[in-house]
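Everything on this sheet refers to the single structure shown next.
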């Protein structure tokens, strides 16, 4: 009953525009366009389309069939006509060029595309093809070679660092072990989270924050002479945070000394009721499960306090799950609009932050620490004998008992 109703809406000017649009196309694209117009304005009737728009009904019908089946018809002429690409003309040279490209290629570091980036220039590719014995008739011009390399998927670009592996085979097992070993709601166990924050540079430097004052900050922080490294120890059960700002290097000794400061601060009655101290640690170089100086100092600390210590490590690239990391985020937001122009201001800002409603206990260490301290294999043997490593995760779960 409504057949042809849509076609009546087309004015002569609109019909002329549709004819012009189709004339600018060819082959399958033109047939697809004609099929769409036929369905929209002519009820899918090829004869009516021919009458209204002057398009050949056979072509329109073929376009409708292609749309219905999803199969595109190619004529013999379209398949065989047109100039061949260089790769089709010179298949042996193309294979050699691909081998050259692969030897120089590096995958997209973001792994978002299959494009391979390379330092291989068009001139260098031509030179290498010549060295493989290909004559000038087989080798394209430099401008054409650049197009060919792009077509093959090799883009000229500054080589970037490869993306590091984000998950090691033991990652799931490490998290499962952390969940199992976590002694929540056990008054005989003290659960700590420990880590060092990035270096804090003292000076009138912008930290990316906002302020309602008229503070003016330097836009570069190069050449800072005074720097401090905060080491944080978070009591997961009480929410109490200890911050020790070191004026030297971030070393194993600095980390263990910060832990010793925490121990000597807590009340004696609390110490007496503890059997085990569980410490969640990042797998950083200064405190990893294979760092000889760190493990030596931890064994000594265990003997000093007379309590067992269990080191539970997070897997690489997953430090954000360590509870102390959230404290660093709060501290950064707290002072990011301030000018930490001297150490007193830095300490004052640190003392004024809160974590779970409590201000941190802040220390300043002027101790000088030296980097690169390690034990020889022979010296470490005695320390290793004191370490009770998890058989399935020896680097990620270590128990140390006092002598």
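Read the figures in this text as sums done on the coordinates, not as results from a lab. In this text, all values refer to a predicted model and were calculated from it rather than measured experimentally. Virtual Cβ from ideal backbone geometry, glycine too; neighbours counted across all protein chains shown.
Computed quantities for the displayed model
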{"read-out": "17, 397 arranged by Cβ crowding within 10 Å, fewest neighbours leading", "value": "17, 397"}
{"read-out": "Neighbour-count ranking [beta-carbon atoms within 10 angstrom, fewest first] of 321, 313", "value": "321, 313"}
{"read-out": "Proxy reagent accessibility, fewest Cβ within 10 Å first, across 341, 365, 374, 23", "value": "23, 374, 341, 365"}
{"read-out": "Part-to-part distance (alpha-carbon centres) for region 293-323 and region 123-143, which is given in Å", "value": "60"}
